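Report on the following structure.
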Amino acid sequence: MSKVLLVDDHQVVRDGLKTIIREQGIGDEFGEATTAVEALKLAADHTWDLAVVDISLVGRSGLELVRELKQLRPRMPILMLSMHSEEQYARRAFKAGAAGYITKDSSRAELAGAIAKVIAGGRYISPALAERLVVDLERDTDRPPHHTLSGREFEVMRLMGSGKTVGEIAEILSLSDKTVSTYRARILEKMHLNTTAELIRYVVENNLMD
């Protein structure tokens, strides 16, 4: 039986994951974290056979956490759990070091299969998402990266480019910190950037503050 680290700020999601994992006989010992800080501490203090990480966490995105977890525990497989099916998130998740990507609206059977495959050392992506990734590769890549952003994403990007923090942006746009963090992760993926510093440089160099 395996030890599984669950990182999600919703108790009901963590409980559901534990039920599925137990039913499949995959794991019987769990660690639970609601934030990146808690997850990193648990990863540092204990060895885990698998981490299931929500992409949307308050304060720090799940994508950033995946990178940090892989630095801390390079051999620990990570399954990214997300409300978003967009191919941008999946690509960024794998680039960060995730071994699998699955959405929260997936069936119990699909989720169980994804967990089993990842924990066995394989990779997982749903057939539907794999098809969208292929389509994305065929898209026209001549447009400037910021042209792929939605209106709200562009607005958040400009605020980030001006040096505003997640909290400040949330207040300005009347959004939650978590929503802004989700926008930030989406923007970085669409722009093919890794850090906020790179994004700020892009905004300045392309005169997008005017």
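Quick check: is even one residue across region 57-77 assigned to a strand (DSSP E or B), at pLDDT 95 or above and in the same structural domain as GLY121 (by TED's automatic domain parsing)?
No, there is no match, as no residue in region 57-77 is assigned to a strand (DSSP E or B), at pLDDT 95 or above and in the same structural domain as GLY121 (by TED's automatic domain parsing).
Step by step: first the residues of region 91-118, then only those that are surrounded by fewer than 21 Cβ atoms within 10 Å (Cβ to Cβ) and in contact (Cβ under 8 Å) with a residue 60 or more places away in the chain, then the one that is nearest to the chain's Cα centre (by Cα). Which residue is that?
Here the residue is ARG91.
Would you check which residues across region 194-210 are touching a Lys or Arg at 6+ places or on another chain (Cβ under 9 Å) and either closer than 17 Å to VAL58 by Cβ or assigned to a loop (DSSP other than H, G, I, E, B) (or both) and list them?
We begin by selecting, within region 194-210, every residue touching a Lys or Arg at 6+ places or on another chain (Cβ under 9 Å); these are 194, 196, 199, 203, 208-209.
Residues satisfying the conditions are ASN194, THR196, LEU208, MET209.
Test each condition in (1) farther than 23 Å from TYR183 by Cα; (2) hydrophobic (A, V, I, L, M, F, W, C); (3) out of contact with any helix residue (DSSP H, G or I) (no Cβ under 6 Å at 6 or more places or on another chain) for VAL37 and report the one that comes out false.
(1)
Do we find a residue being farther than 24 Å from PRO145 by Cα, surrounded by fewer than 17 Cβ atoms within 10 Å (Cβ to Cβ) and among the polar types (S, T, N, Q) anywhere in region 46-66?
yes
Of the residues in region 17-56, how many are part of a strand (DSSP E or B), of a type in the set (A, V, I, L, M) and within 22 Å of LYS117 (Cα to Cα)?
Of the residues in region 17-56, 4 are part of a strand (DSSP E or B), of a type in the set (A, V, I, L, M) and within 22 Å of LYS117 (Cα to Cα).
The values are calculated or read from the model by the stated rules, or taken from the named source; none is laboratory data. Source: prediction; values computed, not measured. When we count neighbours, we look across all protein chains shown, and the Cβ atoms used for this are built from the backbone with ideal geometry, even at glycine.
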